[in-house]
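The structure under discussion appears below in the form of structure tokens.
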Amino acid sequence: MSTISGRLVVNTINGKFGTFNVGTLYSSMGDYVVKYDGLDEFNEGSYDGQFIVRRIYQKTRKFRVGIIIEPVVEIEGVMLDEVYEGNQDDLPDAIPDPIEEEMEASGSSLGSGVSPDESVSSEEPVDRSLETLFGGVWPLGDIVKLDPTVGRVTFREQRDYLNDNGYEFDSMKQIWVAKD
């Protein structure tokens with residue numbers, strides 16, 4: 001693994017399965033589409049820092065009648081120096097939700113028991129108790145550190161619950177803090 005210094009720009013998109021974030025990493029080595037399990041936790045904005053890279057590769061995807069080739073960086077971890085939260089440039093609607101990409105790649109439906117017709121909402125998670133939703137993190141304290149490896153659907157449900165129930169994400173520390 002290596003480390004790249006740069007600026008991560010995060011944009012939020014409203015998709016079929018709820019809101020999700022997409023990121024672009026701008027660095028001296030080039031500009032990359034970001035794949036990072038923890039990306040959905042961040043607010044829209046720009047984040048300067050060092051990014052621990054798992055791998056860099058090219059990915060193709062269909063768009064209308066053509067193909068788009070994207071340079072992709074998979075990030076293992078983030079160490080931030082500066083944060084500039086707020087609305088970023090608008091992105092085209094052609095960006096796919098990572099959940100849909102995973103479903104397409106595996107040829108299956110969502111892994112957490114939610115059917116593709118049910119959208120992930122910011123309300124109480126569908127047919128799941130909070131203890132089940134948060135697992136070892138439950139009961140929630142004043143500071144919560146989410147584990148992005150639980151799966152995108154579960155991770156988004158956790159994020160939405162915290163957002164709707166008095167928690168605020170501290171991007172510098174990458175933790176959720178209860179508002180006073």
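Every number here is computed from the coordinates shown, using simple stated rules; none is lab data. Here the structure is a predicted model, which is why all the values come from computation and not from measurement. Virtual Cβ from ideal backbone geometry, glycine too; neighbours counted across all protein chains shown.
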Ranked packing of 66-72, 14-20, most packed first, by mean Cβ within 10 Å: 14-20, 66-72
Cβ-based exposure ranking for LEU162, LEU25, LEU133, in which fewest neighbours within 10 Å come first: LEU133, LEU162, LEU25
Out-of-range pairs (alpha-carbon distance over 20 Å; input LYS16/LYS59; LYS145/LYS179; LYS16/LYS179; LYS35/LYS179): LYS16/LYS59; LYS16/LYS179; LYS35/LYS179
